[in-house]
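Q: Just dropping this structure here.
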Amino acid sequence: MESSIITTKHVYLVRHGETDWNAQRLIQGHSDIPLNERGREQARRLAARLKNFPITQVCSSDLQRAFYTASAVAELLGLSVCCHTELRERNYGDLEGKDYRTIREQFPDFDPWTDTESKYNVETFPAMQQRGIACLTNILQESDAEHILVVSHGGLINAMLHHMSEGLHGTGKTKLVNTSLNHIQYDNETWMVHTVNDGTHLDEE
């Protein structure tokens, strides 16, 4: 008798814990900024929240703020973390390390949704969204795991949620809190968004 093939997958998309740049509202992008103490505590709370989830695979962006968050969960579950550069945040080029006020003053013609962004070496929104969806799809299609944790970044997760929900959630609609949980079901190349921006494990912060 042939073993059954799992076609329905559950992915738990999680934004990394807080960094000092998050607290200062600085653009991070590909800059490799570590978690601050609050971010490490958020990661510990996330791990406690997911301790009894049936997760058997953990994937992460290779940037340390995401990797540390994923590692806190993986360690508790006795798993390793598989890193994917494609799960990185949007590359913000010349804008990284700057706050929004500075960007408005120094780059008055910057618009994240038009072609002017390429002037400042910023990755286009469609390019970011496509690489994220392609990476996540490959992970799900190549894995034998039914429940997978994927730790990434706010901008990329929102872009993917926007695609998955046909604009109901994500970019322009959802402000993801650090370590918030997003539960997505993937079945026969179809996405179903069950939970968005769930940060109940942070309620006592």
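Q: Compute the distance from the alpha-carbon center of segment 1-62 to that of segment 72-148, in whole Å.
A: 14 Å
Q: Here are some values of Rg/Rh (Cα atoms, Kirkwood Rh): (1) 0.98; (2) 1.05; (3) 0.95. Which one was computed from this structure?
A: For Rg/Rh (Cα atoms, Kirkwood Rh), the calculated option is (1).
Q: Taking loop as defined by DSSP and a crowding limit of 13 other beta carbons within 10 Å, which GluC sites (Glu not before Pro) in segment 77-186 fit?
A: Passing sites in segment 77-186 are Glu166.
Q: Filter the chymotrypsin sites (Phe, Trp or Tyr not before Pro) in segment 1-85 down to the DSSP loop ones having no more than 10 other Cβ atoms within 10 Å, then list what survives.
A: Working: sites: Tyr12, Trp21, Phe67, Tyr68; in loops: none.
Filter output for segment 1-85: empty list.
Q: If you take the beta carbon distance between Cys82 and Glu37 as r and set R0 to 25 Å, what does 1/(1 + (r/R0)^6) give as a FRET efficiency, to the nearest 0.05?
A: 0.40
Q: Check cross-link reach from Lys9 to the aspartates and glutamates: straight Cα distance under 15 Å, and skip same-chain residues fewer than eight apart.
A: Cα-Cα hits under 15 Å: Glu142, Asp144, Glu146, Asp187, Glu189.
Q: Please list, ordered by chain and number, the residues whose modelled amide H lies under 5 Å from the amide H of Val150; skip anything fewer than 5 residues away on the same chain.
A: Tyr12, Leu13, Val14, Cys59
Q: Please list, in order along segment 195-202, the HN-Hα scalar couplings obtained from phi with the Karplus expression 6.51 cos²θ - 1.76 cosθ + 1.60 (θ = phi - 60°), rounded to whole Hz, x for Gly and Pro.
A: Per-residue couplings from phi come out as 9, 10, 6, 8, x, 4, 6, 9 Hz.
Q: To continue, here is another question. In deg cm²/dmol, rounded to 500, what helix-only [θ] at 222 nm does the chain give when every DSSP H run of at least 4 residues adds -39500 (n - 2.57) and the total is split over its residues?
A: So the calculated ellipticity at 222 nm is -10000 deg cm²/dmol.
Q: I would also like to ask the following. Dipole size in debye (nearest 20) for the chain around its Cα centre, Lys and Arg Cβ +1, Asp and Glu Cβ -1?
A: 400 debye
Q: For the chain, set up a GNM with springs between Cα atoms under 10 Å and report which of Asp111, Asp187, Asp32 has the largest fluctuation.
A: Result for the chain, Cα springs under 10 Å: Asp111 fluctuates most.
Read-outs throughout are calculated quantities, based only on the coordinates presented, and are distinct from any laboratory measurement. A quick note: this is a predicted structure, and the numbers were derived from the prediction, not measured. Note that each Cβ is placed from the backbone with ideal geometry, even for glycine, and that neighbours are counted across all protein chains shown.
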